Every structure is written in C-alpha cells, then in structure tokens.
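The values are calculated or read from the model by the stated rules, or taken from the named source; none is laboratory data. Keep in mind it's a predicted model, so treat the numbers as computed, not measured. Neighbour counts run over all protein chains shown; Cβ positions are idealised from the backbone, glycine included. Each accessible area value is taken on the protein alone, full model and side chains, heavy atoms only, with ligands, DNA and RNA left out. Shrake-Rupley method; radii C 1.70, N 1.55, O 1.52, S 1.80 Å.
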Amino acid sequence: MKMEFENLVRENIRELEAYSCARGEFEGAGAVLLDANENPFASEYNRYPDPYQRELKRQVARLKGVDVSRLVLGNGSDELIDMLIRTVCVPGRDNIIVFSPGYSMYEVSARVNGTEVRNLVLDDSFMPEWERIFERVDERTKIIFFCTPNNPVGNVIPLDEIRRVASRFDGLVVVDEAYIDFADVPSATSLRGECPNVVVLQTLSKAWGLAGLRVGICMAEPGLVKYLNKVKPPYNIGSVTQRMALEALKNVDLFRERVEEIKRERERVLVALRGMACFERVYDSEANFLLACTPRYREVYDYLLAHGLVVRVRHIPPRLEGGLRVTIGTREENDLLIRVLKDFR
C-alpha cells in the first residue's frame, strides 16, 4: 500500500528549497574540505558533523530492522514531534488529536506552532474511546498522537486498534514508543507495510541510557521522510553525540541485560508499593516507571523530597487524581525508596 504525502504536507514545505550542505553530497574520506568556512587547523571538533548522520542511521536501521530511507534522527524525540507538526499543520488552521493523561510535549509543540489541540480524555482503563476519536476528527485534523506505553500510566495500546484508526484516517498516526523496549509487545513498525500513514517515534534516552545525548528516532515512509529532511536543521545532531551513540549501540548485550534488570526491579517495586497503606492504587506498567495514586500525593511527594528522593507529580484531572510517577532506579535506589516510604505516616 502506498500513500502520497503531497496533499498532506503544507504547501510552503512542498515548495521549500531546503538548506543545502555540500558535505551532504559527498561520502568517503580524503576530501579537501573547503565548503563550510570551518577553521582548517585540525582538532577533534573543527569540522561540522555529517548532516544526515549516515553511519549512525545505518546502525539504527540494522537494530530496528528498517531501511535507512525510512529514518530521520532528531535532537531527542521532542525535536521530531515539532518537525512533524511544522511539516503538516498550517498555523491557525489545522488541528491535532491528543489524549489525557499523556505526554504533554505534543500539546506544547502544537501551541508553539499555532495549531489547535483537541484533547480527548482516556477511559477508565486509560485507553482511547475509539469511536469518539472520529467525532473530533475533521478535514483539518492532520495528526493523531498515541503514546504507548502511555506516559504516565505505563499501559500499552493494542496494535489492532492503531491499525483500525490508521485505516480510517487520512492524516498521520504518530505512535510514540519511547518506552517500547521495556514492553513485551511488538512495535508499531510492524504496521509499515499496510499503514503508510503510521509514523513511529523511538528514542535512545530511555532503555539505551543515553538521555544526555538527546537522540530521537523517527521511522516513516520515505515519501514523508523527504519533507521532514527539508524541515530538519542541517546539523541537528553533533559529532560527539553521533560518535558516542554509535559506540553505545554496538553493545547490544549490555543493553538487553540492563533492560531485563529494570523489568525485574519494576515488578519488585510494584509489589512493595502495593503493600503500602498510603497508596490507593499502583498500576501495572510496561515502561520503566510505576504510577502510584494517593489523596495525600503532595504530602508523600514533599516527604520523599525531604529524604532526597525526587519523583514526579502526575495529578491530571479528571481521569488521573493524585498520581506520583516513580522511575525504576538501581536496586540500591529502589531499596532506599521502599525503606523511606515504609516510614511514611
């Protein structure tokens, strides 16, 4: 199944002549580089980075099982979210669909870009009300954002539901899988053959442990990637980041070992928190965090802060009341959390 993106992309982006780097037209070594007004005296950083991150993309493509032509890398997933909205949403005219509770950057990026946000409240199981989506969709709806596993709840959306939405919708269905490596479910990249409007976002910040490098991954149809590359800043990922990310991605065994350790710790902390009277409910999670709810959430938060433990308040009415999102740490950090919470009165 193919999809033409020309009618979806903003007219000014279709006609945009992207910033051109001569460096992007050359592959290989040994060239005399006189194109970019760099300082010619050699140091580790006197040259601009590869604008298309070709070596890093090849490694990501191997790990993710996708073709390089389907990849765009960003300065974190947040840059990719912004790029997607800027590429297809006309300011002051178009809208996006998001869900609450969910990741707030979709809404922030949309508002920065003058795009209307239609926020749908998740149901009691923290799932979208599927038919209500299409009550809010109109001819100016360009993107539906799904976060799975959900942040801050940690539950996953069935791929069959995403497939059904994508088959009925003419815009982009963006599936944010920042936490997918902690989940025992397949990625939405498996839909690429039948749902060309599905765009998958992943990141090296979470399971790969590279939050300080800021590398986001967008997997989409080449026809859309072409336009995203027009919008992308020419040198959005620096040389140091590219090199360090490449080195980290070579150590797949360590990555898997640490993911499994986090998942084991997640289950241990879940049992411990559920045994504490201060929490009314602690949700199952397919991510590297747990959501614990209590009417005394502010007291618990301040108490933990006083003991040097920083968690995140997630009080997002009407569906989510008194939530605390607790990231799974090392075994020693989790032991400290449990020990301190046992003394809360």
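Taking residues in region 209-221 that are at negative phi, and partners anywhere that are charged (D, E, K, R) and assigned to a loop (DSSP other than H, G, I, E, B), the pairs with Cβ atoms closer than 9 Å and at least 6 places apart or on different chains are Met219/Arg192; Ala220/Arg192; Glu221/Lys2; Glu221/Arg192.
Residues that are without any contact (Cβ under 8 Å) to a residue 40 or more places away in the chain, open to solvent by less than 10 Å² (accessible area, probe 1.4 Å) and either closer than 20 Å to Phe289 by Cα or part of a loop (DSSP other than H, G, I, E, B) (or both) within region 121-166 comprise just one, Pro128.
Restricting attention to region 167-193 and to residues that are among the β-branched types (Val, Ile, Thr) and open to solvent by less than 40 Å² (accessible area, probe 1.4 Å), the residue that is nearest to Ser285 (Cα to Cα) turns out to be Ile180. All conditions in (1) within 20 Å of the chain's Cα centre (by Cα); (2) closer than 30 Å to Val326 by Cβ; (3) touching a residue at least 60 places away in the same chain (Cβ under 8 Å) hold for Ile237, with the sole exception of (2).
Scan region 264-275 and give yes if some residue there is in a loop (DSSP other than H, G, I, E, B), closer than 30 Å to Arg331 by Cβ and either small (Gly, Ala, Ser) or modelled with pLDDT of 95 or more (or both), otherwise no. For region 264-275, residues in a loop (DSSP other than H, G, I, E, B), closer than 30 Å to Arg331 by Cβ and either small (Gly, Ala, Ser) or modelled with pLDDT of 95 or more (or both): present. For region 223-250, the candidate set comprises residues that are open to solvent by less than 10 Å² (accessible area, probe 1.4 Å) and not β-branched (Val, Ile, Thr); within that set, the residue that is farthest from Asn113 (Cα to Cα) is Leu249. Checking the structure you have, find out if any residue of region 280-302 is in contact with a Gly (Cβ under 9 Å, 6 or more places away or on another chain), within 24 Å of Gly209 (Cβ to Cβ) and of a type in the set (S, T, N, Q). Yes, there is a match, as at least one residue in region 280-302 is in contact with a Gly (Cβ under 9 Å, 6 or more places away or on another chain), within 24 Å of Gly209 (Cβ to Cβ) and of a type in the set (S, T, N, Q).
Is it the case that region 50-58 has a residue that's open to solvent by less than 50 Å² (accessible area, probe 1.4 Å) and at positive phi? Checked region 50-58: at least one residue is open to solvent by less than 50 Å² (accessible area, probe 1.4 Å) and at positive phi. Taking region 151-208 as the range and being over 22 Å from Phe126 (Cβ atoms) and of a type in the set (Gly, Ala, Ser) as the test, the residues that pass are Ser167, Gly171, Ser190, Gly193, Ser205. Among the residues of region 91-110, those identified as open to solvent by 40 Å² or more (accessible area, probe 1.4 Å) and either part of a loop (DSSP other than H, G, I, E, B) or of a type in the set (A, V, I, L, M) (or both) are Pro91, Gly92, Arg93, Tyr103, Ser104, Met105, Val108.
Residues that are of a type in the set (S, T, N, Q): list the strands (runs of 3 or more DSSP E) wholly contained in region 282-345 that include at least 1 such residues. In region 282-345, 320-327 are the strands (runs of 3 or more DSSP E) which contain 1 or more residues that are of a type in the set (S, T, N, Q).
Within region 199-222, is there a residue that is over 18 Å from the mean Cα position of the chain (by Cα) and either modelled with pLDDT under 95 or open to solvent by less than 60 Å² (accessible area, probe 1.4 Å) (or both)? Yes; the residues of region 199-222 include at least one that is over 18 Å from the mean Cα position of the chain (by Cα) and either modelled with pLDDT under 95 or open to solvent by less than 60 Å² (accessible area, probe 1.4 Å) (or both). Just one of the listed residues (Val9, Val72) is at pLDDT 90 or above, crowded, with 19+ Cβ neighbours inside 10 Å, of a type outside the set (S, T, N, Q) and out of contact with any Cys (no Cβ under 6 Å at 6 or more places or on another chain), and it is Val9.
One line per residue, one yes/no per condition, for (1) open to solvent by less than 10 Å² (accessible area, probe 1.4 Å); (2) closer than 30 Å to Glu44 by Cα:
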site	(1), (2)
Val252	no, yes
Glu267	no, no
Leu273	yes, no
Phe279	no, no
Pro295	no, no
Leu304	yes, no
Gly323	yes, no
Phe344	no, no
